[in-house]
Amino acid sequence: IGSGNHSLNTVREFQKGREIDLIVFNPPLVVSHSAEKVTYRDGGDMGVEILFLFLNFIKTIESFKEVWFICGDPEVGGKRVVQSQLKKESYFSVNERRVLKERFNQELIHNTSITNIELVIYKLKKR
């Protein structure tokens, strides 16, 4: 996500004439508990906004085969936040979703609408 277009330009320079086989990342799961939010470290009310910023960034990369990431997937109102959002996604398709830990970072959910967090690996492909 980096600083403005610098990161995007760096990726485009690196990629010239190359196809990227695999993009791997591990976004932080940080539930914001204060009014002051810092984009590079705060994940908003559900803790996953950085994940979606990174996925939007990946959409700007011209050519890649797969995206893998490990993340916390919060549950709110009986639905998994990341899983639900990815089902609506038209750019990526979920190739695999594997739960590594059913109850992860439970201390993050106090005073939130989150009822549980799973630690999950997602493998995505471009549609």
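A few comments on the model shown:
- Looking only at the stretch 29-51, residues that are of a type outside the set (Phe, Trp, Tyr), open to solvent by 60 Å² or more (accessible area, probe 1.4 Å) and either modelled with pLDDT under 80 or closer than 16 Å to Asn105 by Cα (or both) come to 8 in all.
- Against the conditions (1) closer than 29 Å to Glu19 by Cα; (2) without any contact (Cβ under 8 Å) to a residue 12 or more places away in the chain, Glu107 satisfies every one except (1).
- Taking the stretch 95-127 as the range and being open to solvent by 70 Å² or more (accessible area, probe 1.4 Å) and either of a type outside the set (Val, Ile, Thr) or within 15 Å of the chain's Cα centre (by Cα) (or both) as the test, the residues that pass are Asn95, Arg98, Leu100, Lys101, Glu102, Arg103, Glu107, His110, Asn111, Lys125, Arg127.
- Of all residues making up the stretch 56-91, the number that are basic (Lys, Arg) and either touching a residue at least 60 places away in the same chain (Cβ under 8 Å) or not in a strand (DSSP E or B) (or both): 4
- Test: residue in the stretch 4-18 that is surrounded by fewer than 17 Cβ atoms within 10 Å (Cβ to Cβ) and modelled with pLDDT of 80 or more: no
The values are calculated or read from the model by the stated rules, or taken from the named source; none is laboratory data. Since the structure is predicted, the reported quantities are computational estimates derived from the model, not experimental observations. Counting neighbours? That spans all protein chains shown, and the Cβs are built from the backbone with ideal geometry, glycine included. Heavy atoms of the whole protein, side chains included, go into the accessibility calculation; ligands, DNA and RNA do not. Shrake-Rupley method; radii C 1.70, N 1.55, O 1.52, S 1.80 Å.
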